[in-house]
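A short write-up of the structure that comes next.
No value in this document is a laboratory result; all are computed from the given coordinates. This structure is a prediction, so every number in the text was calculated from the model and none was measured. Please note: Cβ atoms are built from the backbone with ideal geometry, for glycine as well, and neighbour counts cover all protein chains shown.
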Amino acid sequence: MSNYTTDIDTAASLIKKEGNAWNAINPESVARMRAQNQFKTGLDIAKYTAKIMREDMANYDTDSSKYTQSLGCWHGFIGQQKMIAIKKHLLTTKRCYLYLSGWMVAALRSEFGPLPDQSMHEKTSVASLIAELYTFLRQADARELGGLFRELDKAEAADKAAIQDKIDNFETHVVPIIADIDAGFGNEEATYLMAKQMIEAGACCIQLENQVSDVKQCGHQDGKVTVPHIEFLAKINAVRYAFLELGIDDGVIVARTDSLGAGLTQKIAVTSEPGDLGDKYNSFIEAEEVTSNNLENGDVVFKRGDKLVKPSRLPNGLFKFRAGTGEERCVLDCITSLQNGADLLWIETEKPHVAQIGAMVNAIREVVPNAKLVYNNSPSFNWTLNFRQQIFDGMKLEGQDVSAYIRADLMSIDYDGTELAIQADEKIRTFQADSAREAGIFHHLITLPTYHTAALSTDNLAKEYFGDQGMLGYVANVQRKEIRQGIACVKHQNMAGSDMGDDHKQYFSGDQALKASGKDNTMNQF
């Protein structure tokens, strides 16, 4: 952001050139409005945030404690409040991103109503949410700066320099968004067109997965079907072309593999010679050698080595991968993606286990030494049960007495406060730092946090308000806590832009402005 005083001088010179016609325009008001609108377009945002993300990736390469984090968003207000909270509590937004979850777009933003995570929602809803998120983040900037400008106007001369320094060194709420494009919503041209929309809305980072687009499933559900590598690489190329066409030369692509939990493929890969990528893909398909009496009508056959084999095909026409090949396929997917244009990896796992993730990353890094992951700290995992079972298994392996615990029932509240539960909670607390150090995870995200927080807080409010507590259920559990914790949106008129509107009315109409923030505004009670 340019210097506030310099911007006033620049505006003053421009106004002076126009003569009397612009006499009503105040150069300081112009400078304030410019400061409050640092980013003019989504491409401005994408360029700014791509640079931040690349710097963070480089810093992580030299120090794994500098991993990054994000939380999933399904509305602009949610993203805005996260960044306001981060600035309030941590005093900086550094290494803090937002995540745009395709699951939440499907479940909460589709005109069809709630949908499963199967790429059934409107393509345009993803780019629309990116634009909405950045609209709210930019408003957070304008709101905070507006407060500083009002402080500046009221301050004594001796205090003005300190406030102006805060204005000149203001840290924006605008941060990178990792945006989920699912499996590309169609062929590679469809992926390119949608990626362009997302980038134009402000996305500097696009996450693409290797499932078949028209039968895409949530990464934590059954029935996932992957595509041959050549098809996935074409979509990576499509996203890169979109970035380059729009001038985002350092845009970031996250290549996600769902192979760990995907047991099916729709196609036999095209192969030109033994050992090529198509041949490697086909080597994982469950198949039996063809004999004269085991061929049936409609069977598909292909050559594996010097033998002719027929793959195991289901009634729906899909082919099965050999059991136990998931990790090996993940490693091949990741290496191939990084060697062909991807910047970061995403391995969708069935549980949060540092050793499992680290083993795959170590195998990948034998070929691509600086491989880095984005990892889904998913609410689909039962974190409490998973980590208590990991501690239980470790204790048992060490020969410790575990007779006081029943492994299958470790979720029970009866175990809260036990040594096992305390150890498990500590492992959960340090999971992100541990896996950043030991498993190459550059970015940790929670896909659906506010889906769950909204449900939990609404359940608690409804139980109290419609129950015996009545209005006290709201006051004691919501408003009183907002006031005492300094939650900005307790002044909801201010958060919605009322004070900014008053500022603008003053700029435009002077003393004739009809303002909302006078003595009768009930927000003055806070």
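A few remarks follow.
- Karplus-based coupling profile of the range 54-63, in residue order and whole Hz: 5, 5, 5, 5, 5, 5, 5, 4, 9, 8, with θ = phi - 60° in 6.51 cos²θ - 1.76 cosθ + 1.60 and x standing for Gly or Pro.
- For the range 416-526, with +1 on Lys and Arg beta carbons and -1 on Asp and Glu, the positive-most of Gln423, Gly486, Asn524 along the dipole: Asn524
- From least to most packed, judged by other beta carbons within 10 angstrom and beginning with the fewest, Ile84, Ile177, Ile25 follow the order Ile25, Ile84, Ile177.
- For the range 333-425, the set of chymotrypsin sites (Phe, Trp or Tyr not before Pro) satisfying both a DSSP loop assignment and a count of at most 16 other C-beta atoms within 10 Å is empty.
- Per-peptide average of other Cβ atoms within 10 Å, ordering 431-437, 460-466, 3-9 highest first: 431-437, 3-9, 460-466
- Couplings for the range 419-435, taken from phi via the Karplus curve 6.51 cos²θ - 1.76 cosθ + 1.60 with θ = phi - 60°, read 4, 4, 5, 5, 5, 5, 5, 5, 5, 5, 4, 9, 4, 5, 5, 5, 6 Hz in order; Gly and Pro are left as x.
- Only Lys, Arg, Asp and Glu carry charge here, each on its Cβ (+1 for the first two, -1 for the last two); on that basis the chain has a dipole of about 800 debye about its Cα centre.
- Extreme residue, positive dipole direction of the chain, given options Pro176, Gly394, Thr191 (C-beta unit charges): Pro176
- Label-point separation in nm, Thr291 to Asn187, each point 7 Å along Cα→Cβ: 4.2
- Under the combined filter of DSSP loop state and at most 15 neighbouring Cβ atoms within 10 Å, the range 68-150 retains these chymotrypsin sites (Phe, Trp or Tyr not before Pro): Phe112.
- Here the range 128-176 was treated as a single set of alpha-carbon atoms; its pair distances binned every 10 Å from 0 give 25, 41, 22, 10, 1 percent.
- Descending semi-axes in whole angstrom, ellipsoid equivalent of the range 217-303, from the Cα gyration tensor: 33, 17, 10
- Contact order for the range 159-214, expressed relative to its length and based on alpha carbon pairs under 8 Å spaced 6+ residues apart, stands at 43 percent.
- Working from label points 7 Å from Cα in the Cα-to-Cβ sense, the Gln356 to Ile406 distance is 2.4 nm.
- Amide hydrogen neighbours beyond the local backbone of Trp346, cut-off 5 Å, H modeled: Ala255, Arg256, Thr257, Val374
- Gyration tensor verdict on the range 363-520 (Cα atoms; rounded if a/c is under 1.5, prolate if a/b is larger than b/c, oblate otherwise): oblate
- Once the chain from Glu366 to Tyr465 is taken as fully extended at 0.36 nm per residue, the excess over their C-alpha distance is 29.8 nm.
- Relative contact order (%) - the range 1-127, alpha-carbon pairs under 8 angstrom, separation at least six: 15
- Summed over qualifying helices (DSSP H, 4 residues or more, each -39500 (n - 2.57)) and divided by its residue number, the chain shows a 222 nm mean residue ellipticity of -15000 deg cm²/dmol.
- In terms of surrounding Cβ atoms within a 10 Å radius of their Cβ, His173, His353, His229, His452 rank from fewest to most as His452, His353, His229, His173.
- The Cβ shell under 11 Å around Ile86 holds other residues with a net charge of +4, Lys and Arg each +1, Asp and Glu each -1.
- For Leu314 and Glu55, the difference between the fully extended length at 0.36 nm per residue and the C-alpha to C-alpha distance is 88.5 nm.
- Label sites at Asp165 and Asp222, each approximated as a point 7 angstrom past Cα along Cα to Cβ, lie 6.3 nm apart.
- Summed residue charge, Cβ within 13 Å of Ala234's Cβ, Lys/Arg positive, Asp/Glu negative: -1
- Normalised by the number of residues in the chain, the average gap of Cα pairs under 8 Å and 6 or more apart makes the relative contact order 15 percent.
- Over all other residues within a Cβ to Cβ distance under 11 Å of Met395, the charged ones net out to -1, with Lys and Arg as +1 and Asp and Glu as -1.
- With 0.36 nm allotted per residue and the present C-alpha distance subtracted, the Gln506-Asn3 stretch has 178.8 nm of extension available.
- Exposure proxy shown here: for Tyr507, Tyr192, the number of other Cβ atoms within 10 Å sets the order, fewest to most, as Tyr507, Tyr192.
- Among the trypsin sites (Lys or Arg not before Pro) in the range 1-91, those placed in a DSSP loop whose Cβ has at most 15 other Cβ atoms within 10 Å are Lys40.
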